[in-house]
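Colleague: Attaching a single structure in structure tokens format; questions to follow.
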Ligand SMILES: Nc1ncnc2c1ncn2[C@@H]1O[C@H](COP(=O)(O)OP(=O)(O)OP(=O)(O)O)[C@@H](O)[C@H]1O
Ligand SMILES: [Mg+2]
């Protein structure tokens, strides 16, 4: 078993290559934060972007599903594919983590354990039985053995959350994010779900560090696209104890993803404006609240409209009929419920995946 470093690192981290990339990544992220702030209602974006992330992040673990299955799983409790349910639960885990961090402004070991519990649906918690190793999938050869002893795992986790919550060094939060992700995966505190939990931890850290107000920047797609490099960099960093390439990899991911997310926000915003115009031109029921509830998630239901607009069930139903007649929503009966899909938003999110 290899020994893990304690945080903060003693290495000289701020090399000129890192600083060069850092300024690009910070700029892109600041732009994303700013654009998100101009939206009338940030919640509109979060669900759509989160479901995309839930799907992508889950598929690193080979949990493959389709968007059609996913929204069925959102509506139905039974009779849904377990893969789709995993994705929906993953989004719930992200929301929970986000709300915890927003409320407490701190990330604790129990926050992390709770996230993992929600993803894995078991209460096994932090590893207490030895045997978890990282293997090469093809050759089965052991690549890395994380700490095996529970006390040792807890020691490193405590060190990590202290590093997360306190200003132990003067590094930029984005550099810290890269170090935190490396360290968390290297501690590998759980039997399974370490990757997914670690990816959620990343976004919670960004929000806690006030680099974003809303949880809308996710590296999973970038990691999938650059998966070999991701895996290799863990080992390279461990072997050389030189974090430069790892940190640059993560910083580039932040830049790329921030720019992409800006793009999707702009597209959602454009669609919203078009829908607004359609509502105003073709119907008499336009209100800001109605428009926002159509973009709150990619489907809606009578009782959602009722609650968000504070109108009666009958009126909500009438609204939904009008919206469907005008091609703004498309309804479908799923189980005993009728759901109304915002196909434009749905298609945008699907597109974003590629
Ligand atoms: N050599 C390594 N050293 C440290 N961590 C690693 C190494 N190789 C992979 N990892 C991390 O381990 C994660 C996989 O661990 P685990 O199977 O517990 O998580 P998961 O969420 O189930 O899977 P996945 O991340 O593949 O979706 C990877 O996502 C990566 O972050
Ligand atoms: Mg796994």
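Colleague: Can you give the Kirkwood hydrodynamic radius of the stretch 45-128 from its Cα pairs, in Å with one decimal?
Modeller: Over the stretch 45-128, the inverse of the mean reciprocal pair distance is 13.5 Å.
Colleague: Shifting gears a bit: Would you please state which residues of the stretch 1-39 a label at residue 241 would reach in this model, taking the label point 7 Å out along Cα→Cβ and a backbone N cut-off of under 13 Å?
Modeller: 3-6, 9-12
Colleague: Sketch the reach of a paramagnetic label on residue 318 as a point 7 Å from Cα along Cα-to-Cβ, and name the residues of the stretch 275-289 whose backbone nitrogen lies under 17 Å away.
Modeller: Flagged as within label range: 283-287.
Colleague: Also: Find how many whole Å separate the alpha carbon centroid of the stretch 146-193 from the alpha carbon centroid of the stretch 293-354.
Modeller: Taking the Cα centre of each part, the stretch 293-354 and the stretch 146-193 sit 42 Å apart.
Colleague: Would you work out if the stretch 155-256 is rounded, prolate or oblate? Take a ≥ b ≥ c from the square roots of the eigenvalues of the alpha-carbon gyration tensor; rounded if a/c is under 1.5, else prolate when a/b is larger than b/c, oblate otherwise.
Modeller: Since a/c stays below 1.5, the shape of the stretch 155-256 is classed as rounded.
Colleague: Something else about it: On C-alpha positions alone, give me the angle between the axis of helix 43-60 and the longest principal axis of the chain, in degrees, nearest 10.
Modeller: It works out to around 50 degrees.
Colleague: Can you tell which of 238, 199, 103 shows the greatest fluctuation in a Gaussian network model of the chain with Cα springs below 10 Å?
Modeller: Sorting by GNM fluctuation, first place goes to 103.
Colleague: Run the numbers on the chain and let me know its relative contact order in percent, using alpha-carbon pairs under 8 Å that are six or more apart.
Modeller: Once divided by the residue count of the chain, the mean separation gives 23 percent.
Colleague: Here is a follow-up. Rounding to the nearest 10 and keeping the result within 0 to 90°, find how far the Cα-based axis of helix 109-120 lies from the longest principal axis of the chain.
Modeller: 60
Colleague: So which residue, out of 175, 63, 223, gets the largest mean-square fluctuation from a GNM of the chain using Cα contacts under 10 Å as springs?
Modeller: Evaluated over the chain, the most mobile residue of the options is 63.
Colleague: Moving on to the next point. Classify the stretch 265-352 as rounded, prolate or oblate, taking a ≥ b ≥ c as the square roots of the eigenvalues of its Cα gyration tensor: rounded when a/c is under 1.5, otherwise prolate if a/b is larger than b/c and oblate if not.
Modeller: Cα axes put the stretch 265-352 in the oblate bin.
Colleague: Ok, one more. State the extension gain, in nm to one decimal, for the chain segment bounded by residue 337 and residue 192, taking 0.36 nm per residue of separation less the distance between their alpha-carbons.
Modeller: Between residue 337 and residue 192, full extension yields 48.7 nm more.
Colleague: Give the calculated FRET efficiency between residue 30 and residue 149 to the nearest 0.05, with a Förster radius of 25 Å applied to their Cβ-Cβ distance.
Modeller: With a Förster radius of 25 Å, E is 0.05.
Colleague: Now, a different point. Highest mean first, what order results for 185-191, 39-45 on Cβ atoms within 10 Å?
Modeller: 185-191, 39-45
Colleague: Under the rule a/c < 1.5 gives rounded, and otherwise a/b versus b/c splits prolate from oblate, where does the stretch 16-263 land using the Cα gyration tensor?
Modeller: rounded
Colleague: Let me have the 222 nm mean residue ellipticity of the chain computed from DSSP H runs of 4+ only, each contributing -39500 (n - 2.57), with the sum over all residues rounded to the nearest 500.
Modeller: So the calculated ellipticity at 222 nm is -21000 deg cm²/dmol.
Colleague: On C-alpha positions alone, give me the angle between the axis of helix 150-165 and the longest principal axis of the chain, in degrees, nearest 10.
Modeller: Approximately 60 degrees, to the nearest 10.
Any read-out appearing in this document is the output of simple, stated calculations on the displayed coordinates, not a laboratory observation. Since the model is a prediction, treat every value here as computed from it, not as a measurement. So basically every Cβ, Gly included, is an ideal-geometry build from the backbone, and we count neighbours across all protein chains shown.
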